[in-house]
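The values are calculated or read from the model by the stated rules, or taken from the named source; none is laboratory data. These numbers come from a predicted model, not from an experiment. Note that each Cβ is placed from the backbone with ideal geometry, even for glycine, and that neighbours are counted across all protein chains shown.
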Amino acid sequence: MLNITKNNTGNNALTVGLEGRLDTNTAPRLEEVLKDSIEGIVSLTLDLEKLEYISSAGLRVLLSIQKTMSKQGDMKIAHAGGAIQEVFEVTGFSDILVVE
């Protein structure tokens, strides 16, 4: 189960909060929501404070959105918990993504 919340913060900025598990079952939905939401957005923040788990399918979505956002603005990851942060470090994503 993955809950996705969106908050347009003005100035073409969007914060997307994720709660639950980002895995093979939920990654396609997140990708669809993000692709439908980022047109005209120059600053995307993914708030992972309540994300409990991320799989390789979830990482692929983050990489795909990062590539899109690098052409139109920037993307950052906020509030990644210990387990999620560890996945980013082990996979090298902490070098690819801006993780705060």
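Residues considered: Asp36, Asp23. Of these, the only one that is under 13 Å from the mean Cα position of the chain (by Cα) and among the acidic types (Asp, Glu) is Asp23. Could you tell me whether segment 70-80 includes any residue that is at pLDDT 95 or above, surrounded by 20 or more Cβ atoms within 10 Å (Cβ to Cβ), part of a helix (DSSP H, G or I) and out of contact with any His (no Cβ under 8 Å at 6 or more places or on another chain)? The answer is no; no qualifying residue exists.
When the criteria are applied in full, Thr45 meets the requirement of being closer than 17 Å to Lys71 by Cα and in contact with a strand residue (DSSP E or B) (Cβ under 9 Å, 6 or more places away or on another chain). Tell me yes or no: at least one residue of segment 26-42 is touching a Ser or Thr at 6+ places or on another chain (Cβ under 6 Å) and free of Cβ contacts under 8 Å to residues at least 60 places away in the same chain. Checked against the condition, which is being touching a Ser or Thr at 6+ places or on another chain (Cβ under 6 Å) and free of Cβ contacts under 8 Å to residues at least 60 places away in the same chain, segment 26-42 yields no hits at all. Within segment 20-47, being closer than 13 Å to Val98 by Cα and either among the hydrophobic types (A, V, I, L, M, F, W, C) or touching a His at 6+ places or on another chain (Cβ under 7 Å) (or both) holds for Leu44, Leu46, Asp47. Taken over segment 5-31, the criterion of being in a helix (DSSP H, G or I) and surrounded by 15 or more Cβ atoms within 10 Å (Cβ to Cβ) is satisfied by Ala27, Leu30, Glu31. Checking each residue in segment 1-20 for being under 12 Å from the mean Cα position of the chain (by Cα) and among the small types (Gly, Ala, Ser) picks out only Gly17. Scanning segment 66-92 for residues that are over 21 Å from Ala13 (Cβ atoms) and either touching a strand residue (DSSP E or B) at 6+ places or on another chain (Cβ under 8 Å) or among the acidic types (Asp, Glu) (or both) yields a total of 8. Among the residues making up segment 36-46, those that are outside any loop (DSSP other than H, G, I, E, B) and either polar (S, T, N, Q) or crowded, with 19+ Cβ neighbours inside 10 Å (or both) are Ser37, Ser43, Leu44, Thr45, Leu46.
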